[in-house]
1. Under 7 Å between Cβ atoms, which residue pairs at least 6 apart in sequence (or on different chains) link something in the stretch 151-169 that is within 14 Å of residue 122 (Cα to Cα) with a partner that is surrounded by fewer than 18 Cβ atoms within 10 Å (Cβ to Cβ) and of a type in the set (Phe, Trp, Tyr)?
2. If we keep just the residues of the stretch 134-157 that are outside any helix (DSSP H, G or I) and touching a helix residue (DSSP H, G or I) at 6+ places or on another chain (Cβ under 9 Å), which is surrounded by the most Cβ atoms within 10 Å (Cβ to Cβ)?
3. For the condition modelled with pLDDT of 70 or more, over 30 Å from residue 133 (Cβ atoms) and under 16 Å from the mean Cα position of the chain (by Cα), what is the one hit in 61, 46, 10?
4. Could you check the stretch 111-129 and list, in sequence order, the residues that are buried (at least 17 other Cβ atoms within 10 Å of the Cβ) and without any contact (Cβ under 8 Å) to a residue 60 or more places away in the chain?
5. Looking at this structure, is residue 166 under 25 Å from residue 23 (Cα atoms) and either of a type in the set (Val, Ile, Thr) or surrounded by fewer than 20 Cβ atoms within 10 Å (Cβ to Cβ) (or both)?
6. Among the listed residues 66, 122, which satisfies the condition of being outside any helix (DSSP H, G or I) and either closer than 27 Å to residue 158 by Cα or touching a Lys or Arg at 6+ places or on another chain (Cβ under 8 Å) (or both)?
Amino acid sequence: TFQSMDNWLLKVKHWQIFLFLATAYYLNQHYLRIDSLASCYITTTLMVLYLGWYILLGNTLYQYLPRKISYSLIWFLTSALSVIATFAAATMLFDGQIIFTGLAAIPGLYVFFAAIHLLWFPAALLVAIETKEKPGFSQYAGTLLQLLFWPIGIWFVQPRLNRVYNAIQSDTLDYPRS
């Protein structure tokens, strides 16, 4: 079930997430740079898996937000879809490079914002769950940077997710239980 996927994401250890993301990155950088259509599809799949971790993280943490705090999951998922679609189009149609000029710069700016939103949303949710209040930017900026620099940040973020999981298991979180 989807609930078991959520539990897995929160209880997996930092070294397992690091190994998964580092392997995907390594394969993409060193073995999949062959000029072929198959390479484009594999690269896109690996990028979706990498971005998928952020998407699953945001979706999972959203379910455990305290009752009094609200964020827009639809907006987050729209941003995620925009980033994935743009990356897929860039990889498959434009040889991995899209240049936004003229009027195309307007949707390009949104895609840039959407990519930041993929990191901002889980960071804000994690801090909101930990503090039980809606955080300001200064409160979640460090977590945002940790998610941005994942090779280092994952060693700090995932133990915090493990603590959230433990709080869920001990029933000490105030979140909407459906």
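1. So the pair list comes out as 154/18.
2. In this case the residue turns out to be 135.
3. 46
4. Residues satisfying the conditions are 111, 114, 115, 117, 120, 123, 124, 127.
5. no
6. 66
The values are calculated or read from the model by the stated rules, or taken from the named source; none is laboratory data. Only a predicted model underlies this, so the values are computations on that prediction, with no experimental measurement involved. Every residue, glycine among them, receives a Cβ derived from its backbone with ideal geometry; neighbour counts consider all protein chains shown.
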